[in-house]
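Quick notes on the structure that follows.
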Amino acid sequence: MLKNDLSAKKRMILFLVIFFISCIVVTVRLSYLQFIKSAELQAKTEEQQRSTRQVGARRGTIYDSSEETVLAISSTVYTVTVNPMKIPNEKKEMLAKKLAETFELEYEKVLKRLKKKSSIETIIKRQNKEKTDDLRIWMEENEIYAGINIDEDTKRYYPFSNLASHIIGFCGSDNQGLEGIEAKYDDILSGKSGKINSLTDAKGQSFGDEGENYIEPTDGNDLVLTIDSNIQAIIQKHLEEACIDNACTDGGSIIAMNPQNGDILALANYPNYDLNNPYIPNNEELKNVWGDLEQVQKSNYLMGMWRNKAIADTYEPGSTFKLVTASSALEEKIAEVDKSGAFACTGSIEIAGVRIKCWRYYRPHGSESLREALMNSCNPVFIGLGQKIGKEKYYGYLEKFGFLKKTGIDLPGEANSIFLKEEKVGPVELATISFGQRFEVTPIQMVTMVSTIANKGKYVKPRLVKKIINSETGEANEIEPEYKNQVISEETANNVLSMMESVVSEGTGKNAKVVGYRIGGKTGTSEDGVNTGKYVTSFIGVANVDNPKIAILITLYNPTGEGRTSRRWSCSTISR
């Protein structure tokens with residue numbers, strides 16, 4: 001009996017010891033949580049009870065130079081998100097079916113999101129009002145009032161589809177600019193997203209005045225371009241016709257620029273693409289097999305389709321570059337415009353033991369003035385001028401005309417020219433440069449060069465944006481033209497323009513004549529690479545010669561059709 005009492009007493013003492021220790025442990029733990037971890041736990045609680053939904057900012061509008069024609073605009077769309085914690089379990093399957101049917105989604109994927117233990121799940125973005133209104137009606141009919149959010153968002157829309165596609169560019173699914181002006185001015189156009197902060201209780205239900213806090217987005221600023229939409233539409237139409245008629249296997253490009261202030265009035269490449277559907281190929285044959293292509297093939301094609309050849313690709317300018325040699329020679333007083341018999345074309349010229357032919361070597365031009373040499377596009381005359389100028393001075397003019405660096409036009413992806421380093425240039429290399437071969441420039445550099453001549457010899461930087469309009473205040477920030485160095489004198493510029501007018505009225509550029517206008521220009525044909533069998537034909541010009549308001553460069557890459565240049569010359573005689 002005594003033994004049993006002792007055992008019971010020991011068990012009681014042991015129980016009390018364990019109970020006492022447990023109380024100490026619980027007390028210590030509670031104290032730790034209450035006094036040491038309280039701030040951290042409170043923050044986690046608030047985080048679990050708070051959800052944030054992004055509200056997209058309206059992207060700034062892009063206008064043409066008239067400030068009336070809209071080239072890019074943001075339209076209102078809607079984003080659907082859900083808070084799975086607020087949706088009753090018995091209604092999740094029904095809701096998943098409705099969401100999948102309305103927005104053409106996979107039911108299983110939607111249901112998986114509805115069953116997640118999170119405060120916010122995005123179902124779909126940028127949907128039209130009709131579909132979201134249908135969802136709202138369904139929610140009322142099925143008495144689902146919480147857990148589904150339909151918030152306003154924006155989607156980029158391009159009213160003219162493919163007009164100026166390589167200038168404007170497009171946006172990605174997150175409304176971020178990916179190409180063209182959209183990418184270059186993304187920070188200015190994009191604005192600042194807003195937020196909807198929601199605070200809920202442990203069951204996921206909203207409570208108090210802080211149930212939802214709306215932070216309004218800040219719209220992006222508007223841009224006014226230098227582009228004239230009418231001129232842009234005209235050059236796109238005629239560029240397409242020229243490329244099709246001449247079967248240009250590698251397309252073409254046109255740039256029109258105001259030489260007085262650097263405004264790009266139009267810039268087009270062919271083929272172009274639909275800005276509203278930038279991931280759909282612009283080739284009908286390719287569309288039929290698009291689904292069978294590897295992702296790498298698709299990406300390569302799309303990158304090529306989006307590529308702005310007018311600023312990102314280089315080419316040999318051929319005889320259009322003789323304008324640089326003529327300008328430099330006149331500026332250096334090496335030649336006069338109309339000195340009769342100043343030059344003599346015998347069909348070829350020998351430089352450092354290498355004989356370089358004139359394109360019309362079979363019937364030499366004979367005695368010529370500088371004006372006549374430009375009209376005839378006579379290679380030997382310009383080779384001789386290059387030798388007299390010398391490589392040091394010639395490279396100095398290349399730099400002043402802007403050929404040794406990028407123009408800085410406000411578009412992404414601009415390339416630079418490809419010239420031999422000055423120290424590596426010998427007599428033969430200088431000879432080929434003098435008539436436009438064995439180096440490469442970009443079309444934008446070439447049209448900037450002729451604009452310099454048309455602008456009384458003063459360089460002006462090409463530009464595409466002339467005004468930024470603040471979305472909140474309406475205040476307009478004018479972007480002033482950027483003038484640089486005086487490359488050649490006004491007298492020299494006027495003399496070159498006079499010779500260019502003769503090229504069109506009597507020389508190789510007769511096809512550019514337009515009744516009632518004084519047009520000056522220069523034609524050019526060159527090889528597209530070495531031994532490729534491909535050629536580039538181009539025309540560079542200005543109008544009117546007495547007060548030029550437009551400079552233009554037309555470039556066709558490898559014309560192979562009926563309208564192509566009929567002759568094929570060797571690499572030493574190609575330029576004309």
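The values are calculated or read from the model by the stated rules, or taken from the named source; none is laboratory data. On a predicted model such as this, the values are computed, not experimentally measured, just so you know. Here the Cβ is made from the backbone with ideal geometry for all residues, glycine too, and neighbour counts use every protein chain on show. With ligands, DNA and RNA removed, areas are computed over all heavy atoms of the protein, side chains included. Shrake-Rupley method; radii C 1.70, N 1.55, O 1.52, S 1.80 Å.
Short version: ³J(HN,Hα) in whole Hz for each residue of segment 502-518, in order, from phi by Karplus 6.51 cos²θ - 1.76 cosθ + 1.60 (θ = phi - 60°), x for Gly and Pro, what are they?
Once θ is set to phi - 60°, the couplings for segment 502-518 become 5, 4, 7, 6, 9, x, 6, x, 4, 5, 8, 5, 9, 4, x, 10, 9 Hz.
Determine the percent antiparallel among the DSSP beta bridges restricted to the chain, to the nearest 5. Spell out each step's value before the answer.
Values: 77 of 80 bridges.
Beta bridges within the chain, antiparallel portion: roughly 95 percent.
Ignoring ligands and nucleic acids, what accessible area does Asp219 show with a 1.4 Å probe (Å², nearest 10)?
Looks like 70 Å² after rounding.
Rolling a 1.4 angstrom probe over the protein chains, ignoring ligands and nucleic acids, what is the accessible area of Phe19 in square angstrom, nearest 10?
110 Å²
Can you work out the Karplus-derived ³J(HN,Hα) for every residue in segment 181-188? Use 6.51 cos²θ - 1.76 cosθ + 1.60 with θ = phi - 60°, whole Hz, and x for glycine or proline.
These are the phi-based 3J(HN,Hα) values: 4, 4, 7, 4, 10, 4, 4, 7 Hz.
Roughly how many Å is it from the Cα centre of segment 356-375 to that of segment 100-123, as a whole number?
When both Cα centres are located, 75 Å separates them.
What part of the accessible area of the chain, given as a whole %, is carbon or sulfur when the probe is 1.4 angstrom?
On the way: 14250 of 28600 Å².
Of all accessible area on the chain, carbon and sulfur atoms account for 50 percent.
Can you grab the distance from the C-alpha centre of segment 319-347 to the C-alpha centre of segment 452-531, Å, no decimals?
The distance from the Cα centre of segment 319-347 to that of segment 452-531 comes to 20 Å.
Work out the length of the dipole vector of the chain about its Cα centre, built from +1 on the beta-carbon of each Lys and Arg and -1 on the beta-carbon of each Asp and Glu, and round it to the nearest 20 debye. Write out the running numbers ahead of the final one.
Numbers: 72 positive and 76 negative charges, 387 e Å.
Value, rounded to 20: 1860 debye.
Using amide H atoms built in the peptide plane, which far-off residues or other-chain residues are under 5 Å from Thr69 H to H?
For Thr69, whose amide H was placed from the backbone, the distant partners under 5 Å are Asp64.
Explain nothing, just the number: dipole magnitude of segment 61-134 about its Cα centre with +1 on each Lys and Arg Cβ and -1 on each Asp and Glu Cβ, in debye rounded to the nearest 20. Before the final figure, lay out each step's value.
On the way: 15 positive and 13 negative charges, 168 e Å.
Rounded to the nearest 20 debye, it is 800 debye.
I need the phi-derived Karplus couplings for segment 115-125: 6.51 cos²θ - 1.76 cosθ + 1.60, θ = phi - 60°, integer Hz, Gly and Pro marked x.
Values, residue by residue: 8, 5, 8, 9, 8, 8, 9, 7, 8, 7, 10 Hz.
Would you please report the Å³ per residue occupied by the convex hull of the alpha carbon atoms in segment 325-438?
Values: hull volume 13.4 nm³, N = 114.
It comes to 117 Å³ per residue, whole-number rounded.
Tell me the mean residue ellipticity at 222 nm calculated for the chain from its helices only (DSSP H runs of n ≥ 4, each -39500 (n - 2.57), averaged over every residue, nearest 500). Display every interim value, and only then the final one.
Working: 19 runs with 205 residues, N = 576.
Mean residue ellipticity, 222 nm, calculated: -10500 deg cm²/dmol.
Give the residue from Thr492, Asn477, Cys345 lying farthest towards the positive end of the charge dipole for the chain; charges sit on Cβ (+1 for Lys and Arg, -1 for Asp and Glu) and the dipole is referred to the Cα centre.
Cys345
Restricting attention to segment 70-174, which GluC sites (Glu not before Pro) occupy a DSSP loop and are surrounded by at most 10 other Cβ atoms within 10 Å? Spell out each step's value before the answer.
Details: sites: Glu90, Glu93, Glu101, Glu104, Glu106, Glu108, Glu121, Glu130, Glu140, Glu141, Glu143, Glu152; in loops: Glu104, Glu106, Glu143.
Qualifying residues, ordered by number: Glu104, Glu106, Glu143.
In what order, largest first, do Lys339, Lys92 sit by accessible area if the probe radius is 1.4 Å? If you can, show how the numbers build up before the last one.
Numbers: Lys339 110, Lys92 20 Å².
Of Lys339, Lys92, the descending order of accessible area is Lys339, Lys92.
Which of the peptides 245-257, 312-324, 510-522 is most tightly packed, and how do the rest follow, judged by the mean count of other Cβ atoms within 10 Å per residue? Before the final figure, lay out the partial values.
Details: 245-257: 21.2, 312-324: 25.0, 510-522: 16.0.
Ranking the peptides 245-257, 312-324, 510-522 by packing returns 312-324, 245-257, 510-522.
Within the set Lys237/Lys461; Lys98/Lys192; Lys357/Lys484; Lys298/Lys549, which residue pairs have Cα atoms separated by over 30 Å?
Check vs 30 Å cut-off fails for Lys98/Lys192; Lys357/Lys484; Lys298/Lys549.
Rounded if a/c is under 1.5, else prolate if a/b beats b/c, else oblate: with a ≥ b ≥ c from the C-alpha gyration tensor eigenvalues square-rooted, which is segment 245-292?
Numbers: a/c = 5.46, a/b = 2.03, b/c = 2.68.
Oblate is the answer for segment 245-292, as a/c is 1.5 or above yet b/c matches or exceeds a/b.
Around Asn547, under 15 Å between beta carbons, what's the net of Lys plus Arg minus Asp minus Glu among the other residues?
Once positives and negatives cancel, what remains is +1.
Tell me which of Gly541, Val503, Asn282 sits at the most positive position along the dipole axis of the chain, charges placed on C-beta atoms (Lys, Arg +1; Asp, Glu -1).
Farthest towards the positive pole: Asn282.
Residue farthest toward the positive end of the dipole of the chain, with Cβ of Lys/Arg at +1 and Asp/Glu at -1: which of Gly386, Tyr459, Ser165?
Gly386
Loop-only check: which trypsin sites (Lys or Arg not before Pro) in segment 385-437 are DSSP coil with at most 15 other Cβ within 10 angstrom?
Values: sites: Lys388, Lys391, Lys393, Lys400, Lys405, Lys406, Lys421, Lys424; in loops: Lys405, Lys406, Lys421.
Those satisfying the criteria are Lys405, Lys406, Lys421.
Do any GluC sites (Glu not before Pro) in segment 406-494 lie in a loop, going by DSSP, with at most 12 other beta-carbon atoms within 10 Å of their beta carbon, and if so which?
On the way: sites: Glu414, Glu422, Glu423, Glu429, Glu440, Glu472, Glu475, Glu478, Glu482, Glu490, Glu491; in loops: Glu414, Glu472, Glu475, Glu482.
Passing sites in segment 406-494 are Glu472, Glu475.
Compute, for segment 402-482, the length of the dipole vector about the Cα centre, with Cβ point charges of +1 (Lys, Arg) and -1 (Asp, Glu) only. Units Debye, rounded to 20. List each step's numbers first, then the result.
Numbers: 11 positive and 11 negative charges, 64 e Å.
The calculation lands at about 300 debye.
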